[in-house]
Amino acid sequence: MLRRIHLEAQWHREAARTNLWLVPTAEVVIAVGLFSATYVLDRAVYDGRITPPFWVISGTADAARQILTTLAAAVVTVLGVVFSVVIVTLTLASTQFGPRMLRNVIRDRSTQLSLGTFVATFVYAILVLAVIGPGPRGDFVPHVSVTTTLALVVVAVAVLIYFIHHIAVSIQLPQVIADIAADVSRAIRADLSAHEAAAVERGPSAAELARWMGSSGGVVPAPRSGYLQFVRHATLVRIAGEAGAVIRLGHRPGHFLVQGHPLATVWPAGAAGRVARNLEHTHITGPSRTLAQDIAFGLDQLVEIALRALSPAVNDTFTALTCVDWIGDSLCKIAIQWRPLPEHRDQDGRIRLLTVPPSYERLVQRSFEKIRQAGHGMPAVMIRQLAALAKIMEQAPHPSQHQVLLEQATMIRRAADASVTDPADLADVLRHYEDLLALHGRCDGQPIRCTE
């Protein structure tokens, strides 16, 4: 249960991270708190209760106003430049990487912290400027706060330098591709940690329940349209247990739901109404896909970048090869670590929820087929795909996984025969194909990871 709570908390953190307002707002709140603390110190200095340190700037009220006005104007100007750079980055990401990459740019913590630093510094300077005025002992000049403003501006300049460096690095395609692959790896680990096996197994099998649902199950419609982003499996198990029923979800995270269309099947059918009333609290839909429970989305992002690179308008073969490399790395981890649970049991060991996780075969297909089709007649792409399939085969622990990889290699071989006209290029492709066949022969029938 704690692991499932951790997975849901991770989804909420991801949702909170994918915006440009949360971190700047938090930094503004911190700036207001910092101003409250320095204002108390300034009041103590003004009343003569404490002596300011030697490094605190001193001067008249007019000098303080000029300093703060100049600093605030400079900070807000740079803030506008930073916002412009962010917008340009978003535009570049949309046109070069694909519109689905915008989410990756928006969720970047460095960008959010940079924006927040300048906004917070500007707000702090304005607050300090507002409290300068006459008092019973002459003009009240918040010397500690003015000094703190100068320190914040120095920090903001350092953040600006880092922001420029970060943007220059983050918009490079190899870095974008590596970041997506890293997200896939984190999603695999999170999904793996959320799985808990039941201590005992009781009741009908999944096959029997599926048969009963097909003949006498009740249908629960989707309450609203959108992409299914997250499913609270533990909540569904609890609802089914309280109703004495079994729920079968016909969709998984990443699928698009249409309001009123079937979302789940409930057996017995009499419990469908009760489940439908509680279904609103068991899943989250939205306008876009996320990686929280949708590993295929990360692979689709890599495939999308590869397809854009292979298009005649871009013609960037090396970017496509980089995508193939990271796709191979992700599928190696999926083959070893990823074990989706199609059935979820209650504490008594009875099946209460049936799901449809993506199969390993389908993940391999969606990772290679479109790139193979777009790389028609391109030996470099075919050779790199065969090399990636060989690496995955070395890591895949089950012979059934080897067969899926071999099927993809055979389709690449047929595509090479049909589209590669140069005999030397075709020979290179066939040589890699024969190497993969030899590797398959050594791995075939082995229940554990094959070796050279």
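The values are calculated or read from the model by the stated rules, or taken from the named source; none is laboratory data. This one's a predicted model, so the numbers in the text were calculated from it and none came from an experiment. Glycine also receives a Cβ, built like all others from the backbone with ideal geometry; neighbour counts cover every protein chain displayed. Calculation scope for accessible area: heavy atoms of the full protein, side chains included, ligands and nucleic acids excluded. Shrake-Rupley method; radii C 1.70, N 1.55, O 1.52, S 1.80 Å.
Here are some notes:
- Neighbour cut-off at most 16 other Cβ (10 Å), DSSP loop, trypsin sites (Lys or Arg not before Pro), region 332-421: none
- Amide H contacts for HIS283 (H built 1.01 Å from N in the peptide plane; partners 5 or more residues away or on another chain; cut-off under 5 Å): ARG232.
- Alpha carbon Rg of region 300-452, scaled by the compact-globule rule 2.2 N^0.38 Å: 1.16
- Region 347-385 versus region 264-324: alpha-carbon centroid distance in Å: 12 Å
- Principal axis box of the chain, alpha-carbon based, largest edge first, Å: 89, 66, 40
- In this structure region 331-452 gives 46 Å² per residue of accessible area when probed at 1.4 Å with all protein chains present.
- Tensor-based shape of region 190-316 (alpha-carbon gyration tensor, a/c under 1.5 rounded, otherwise prolate or oblate): prolate
- By accessible area with a 1.4 Å probe, ligands and nucleic acids excluded, highest first: order of HIS233, HIS261: HIS261, HIS233
- Counting every alpha-carbon pair across region 225-279, the share separated by more than 12 Å comes to 65%.
- Per residue, region 229-314 exposes 39 Å² of solvent-accessible protein surface, assessed with a 1.4 angstrom probe and all protein chains in place.
- Carbon plus sulfur fraction of accessible area for region 269-407, probe 1.4 Å, in percent: 53 percent
- Whole-number percent relative contact order across region 289-381, with pairs defined as alpha carbons under 8 Å at least 6 apart: 30 percent
- Extended-chain gain in nm, criterion 0.36 nm per residue less alpha-carbon gap, LEU22 and ILE164: 49.0 nm
- Amide H contacts under 5 Å for PHE140, placed H, 5+ residues apart: GLY133, GLY135
- Judged by the gyration tensor of its Cα atoms, with axes a ≥ b ≥ c, region 299-343 is oblate; a/c meets the 1.5 cut and b/c is at least as large as a/b.
- Site-free segments of the chain were taken between chymotrypsin sites (Phe, Trp or Tyr not before Pro) in DSSP loops having at most 14 other Cβ atoms within 10 Å, sites themselves excluded; the longest one is 56-452.
- Once the chain from GLU208 to ALA178 is taken as fully extended at 0.36 nm per residue, the excess over their C-alpha distance is 6.5 nm.
- Whole-number accessible area per residue in Å² for region 33-86, which is evaluated in the context of all protein chains at 1.4 Å: 59 Å²
- Per-residue 3J(HN,Hα) values for region 395-411, derived from phi via the Karplus relation 6.51 cos²θ - 1.76 cosθ + 1.60 with θ = phi - 60°, read 9, 4, x, 10, x, 4, 5, 4, 5, 4, 5, 5, 4, 5, 5, 5, 5 Hz in sequence order (x marks Gly and Pro).
- Anisotropy class of region 14-74 from Cα gyration tensor, a/c 1.5 cut: oblate
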